[in-house]
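**Q** Have a look at this one before I ask anything.
The values are calculated or read from the model by the stated rules, or taken from the named source; none is laboratory data. Please read these numbers as outputs of a predicted model, since none were measured by experiment. As a convention, Cβ positions derive from the backbone with ideal geometry for all residues, glycine included, and neighbour counts pool all protein chains shown.
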């Protein structure tokens, strides 16, 4: 058992790699009543074309990672949610572009719930009948999101940006793609991506690390896994330029929705370099369009944006993009005003006092996040899967300079790389 102490944060993380390759991390929080655990696999919606070690190249239907997540909760004895509930736990799961996460939170019966979490994820049960039944359920979910304006405007932006990379495909897939899923393709994906060596278990809360590790050692020792080689993800080459400059969808909305952003040109960043770019870009976006900026206030006073207006930066080694937007009565005027103000900033750069204020705000938000077991667990796993360390974010923020942020503004805000997504009434 490895002990990692972060002196400035006053946090101590415990880590052990099980014999089968499973990474286990425990962050004890003695004063916390709630314990939160996540069991995650590095398998998301973009992983639809791959090869495991020297095996055959495999291509699977879009939406299969999300479909698999749904099916994992079904067992011969019934629904696993009932088992968690009977032991005082609340369970859930989600699939993103690059990971699938199973989780529970509880204040009691932690060891029992932890065993349940690990056992059900490591015990797939797929039949022809339950797979066919799930297609109807997920089909309804796909249709529901297709009628959700916020979802449509967000994925419309990604679709406008990316032509080849599967990030532009809805996480749940399409009605047509899920119809081709069989129990055999589910088992293929399960055995490829749910091997312990591709997974991470994280536990945070009022727990004793050695008890957790003893439990997981014994649990994994009863299960047999053959060693698995590297998983190679296969992607078509993505053009540098955006696929479409503008994409418009029509839905019944009281006010138009806009989402716009810039497609990153540089790819392949991992580890510390990727973390630094992410943090620098998010800091830059806060300085550009954060709620405390003069531009935000001017747009708000002009009734061009509302409290729904926000921004984010999403990245992986193969893609990265900003997403900015919200509700607006006049999308074109909003874009025009933002472009005018941003062009002035491209010439002048950010002011030192604004930079220092924004950086302190980011650091404060990061430190507050460390009081939330849910946020710690999800952010820690996300950083680990991308080669970073959540608990080393503070020194990165402290080392970012104004020159670095101004350069990031110049590099990222390229109007040729701009894509715009709109949802308007018919």
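**Q** Can you tell me which residue in the range 336-371 is nearest to the chain's Cα centre (by Cα), limited to those that are loosely packed, with under 15 Cβ neighbours inside 10 Å and in a loop (DSSP other than H, G, I, E, B)?
**A** Out of the qualifying residues, it is 371.
**Q** If I ask for residues that are in contact with a strand residue (DSSP E or B) (Cβ under 6 Å, 6 or more places away or on another chain) and in contact (Cβ under 8 Å) with a residue 60 or more places away in the chain, which ones from the range 62-97 would you list?
**A** 65, 66
**Q** Another question about this same structure. For residue 228, state whether it is assigned by TED's automatic domain parsing to the domain that holds residue 167, surrounded by 15 or more Cβ atoms within 10 Å (Cβ to Cβ) and modelled with pLDDT under 95.
**A** It is true that residue 228 is assigned by TED's automatic domain parsing to the domain that holds residue 167, surrounded by 15 or more Cβ atoms within 10 Å (Cβ to Cβ) and modelled with pLDDT under 95.
**Q** What helices (runs of 4 or more DSSP H) lie completely within the range 94-199 and have 3 or more residues being surrounded by fewer than 16 Cβ atoms within 10 Å (Cβ to Cβ)?
**A** Those helices (runs of 4 or more DSSP H) span 128-146, 183-193.
**Q** Something else now. Report those strands (runs of 3 or more DSSP E) wholly inside the range 13-79 carrying at least 3 residues which are within 18 Å of the chain's Cα centre (by Cα) and assigned by TED's automatic domain parsing to the domain that holds residue 213.
**A** 35-41
**Q** Only one residue in 97, 104, 84 is within 24 Å of the chain's Cα centre (by Cα) and more than 20 Å from residue 181 (Cβ to Cβ), so which one is that?
**A** The match here is 104.
**Q** Here is a further query. Has the range 284-291 got any residue that is within 19 Å of residue 256 (Cα to Cα) and either touching a strand residue (DSSP E or B) at 6+ places or on another chain (Cβ under 7 Å) or modelled with pLDDT under 95 (or both)?
**A** Within the range 284-291, none of the residues are within 19 Å of residue 256 (Cα to Cα) and either touching a strand residue (DSSP E or B) at 6+ places or on another chain (Cβ under 7 Å) or modelled with pLDDT under 95 (or both).
**Q** So, one more: Go through the range 267-317 and give me each residue that's assigned to a loop (DSSP other than H, G, I, E, B) and within 17 Å of the chain's Cα centre (by Cα).
**A** Once the filter is applied, which keeps residues that are assigned to a loop (DSSP other than H, G, I, E, B) and within 17 Å of the chain's Cα centre (by Cα), the range 267-317 yields 269, 270, 316, 317.
**Q** Shifting gears a bit: Surrounded by fewer than 20 Cβ atoms within 10 Å (Cβ to Cβ), out of contact with any helix residue (DSSP H, G or I) (no Cβ under 9 Å at 6 or more places or on another chain) and outside any strand (DSSP E or B), is that true of residue 9?
**A** Considered against the rule, which asks whether it is surrounded by fewer than 20 Cβ atoms within 10 Å (Cβ to Cβ), out of contact with any helix residue (DSSP H, G or I) (no Cβ under 9 Å at 6 or more places or on another chain) and outside any strand (DSSP E or B), residue 9 comes out as no.
**Q** Taking the stated definitions as given, is residue 219 touching a residue at least 24 places away in the same chain (Cβ under 8 Å), buried (at least 19 other Cβ atoms within 10 Å of the Cβ) and closer than 29 Å to residue 67 by Cα?
**A** Against the criterion (touching a residue at least 24 places away in the same chain (Cβ under 8 Å), buried (at least 19 other Cβ atoms within 10 Å of the Cβ) and closer than 29 Å to residue 67 by Cα), residue 219 does not qualify.
**Q** Against the definition (outside any loop (DSSP other than H, G, I, E, B), in contact with a helix residue (DSSP H, G or I) (Cβ under 6 Å, 6 or more places away or on another chain) and within 22 Å of residue 38 (Cα to Cα)), how does residue 203 come out, yes or no?
**A** yes
**Q** Among 169, 181, 158, which is within 18 Å of residue 65 (Cα to Cα) and within 18 Å of the chain's Cα centre (by Cα)?
**A** Only one candidate qualifies: 169.
**Q** A follow-up question, please. Filtering the range 256-266 down to residues that are assigned to a loop (DSSP other than H, G, I, E, B) and crowded, with 16+ Cβ neighbours inside 10 Å, which residue is farthest from the chain's Cα centre (by Cα)?
**A** Across the range 256-266, the extreme among qualifying residues is 256.
**Q** Which residue out of 292, 375 is assigned by TED's automatic domain parsing to the domain that holds residue 408, loosely packed, with under 14 Cβ neighbours inside 10 Å and in contact with a helix residue (DSSP H, G or I) (Cβ under 9 Å, 6 or more places away or on another chain)?
**A** Step by step, each of 292, 375 is checked, and only 292 is assigned by TED's automatic domain parsing to the domain that holds residue 408, loosely packed, with under 14 Cβ neighbours inside 10 Å and in contact with a helix residue (DSSP H, G or I) (Cβ under 9 Å, 6 or more places away or on another chain).
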